[in-house]
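Have a look at the structure below, then the notes.
The values are calculated or read from the model by the stated rules, or taken from the named source; none is laboratory data. Note that the structure is a prediction, hence the values are computed from the model and not measured. FYI the Cβ positions are ideal-geometry reconstructions off the backbone, even for glycines, and counts take in every protein chain you see.
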Amino acid sequence: MTDGTAAALGKTSTSDLSHYYSLKKKNDSRVKGGVSYDSFLAMKQRGDFEDFSLLEDKQMKTLFLQ
């Protein structure tokens, strides 16, 4: 199996991925210090993070044309 095939079959949610990177961009203390994406997902599953919408997030919304 190639990397592209593995990626296409993966269960990565773009919502979770955008949430993770938005927290990294904001230097959120909960994801500082080398917190991996897998660790983030485990933390999110435990309820450590609030609901997230990329287009409703005040800081991230500015990155999109209106």
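Residue pairs whose Cβ atoms lie under 7 Å apart, sitting 6 or more positions apart in sequence or on different chains, and linking a residue in region 41-57 that is over 16 Å from Asp28 (Cα atoms) to a partner that is surrounded by 10 or more Cβ atoms within 10 Å (Cβ to Cβ), are Leu55/Lys61.
For (1) modelled with pLDDT of 80 or more; (2) loosely packed, with under 12 Cβ neighbours inside 10 Å; (3) not in a helix (DSSP H, G or I), each residue gets a yes or a no:
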residue	(1), (2), (3)
Ala6	no, yes, no
Lys11	no, yes, yes
Asp16	yes, no, no
Tyr20	yes, no, no
Ser39	yes, no, no
Phe49	yes, no, yes
Leu54	yes, no, yes
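Close contacts from region 11-36, counting a first residue that is within 12 Å of Phe49 (Cβ to Cβ) and without any contact (Cβ under 8 Å) to a residue 24 or more places away in the chain and a second that is basic (Lys, Arg) and not in a loop (DSSP other than H, G, I, E, B), with Cβ to Cβ under 6 Å and a gap of 6+ residues or different chains, come to Val31/Lys24.
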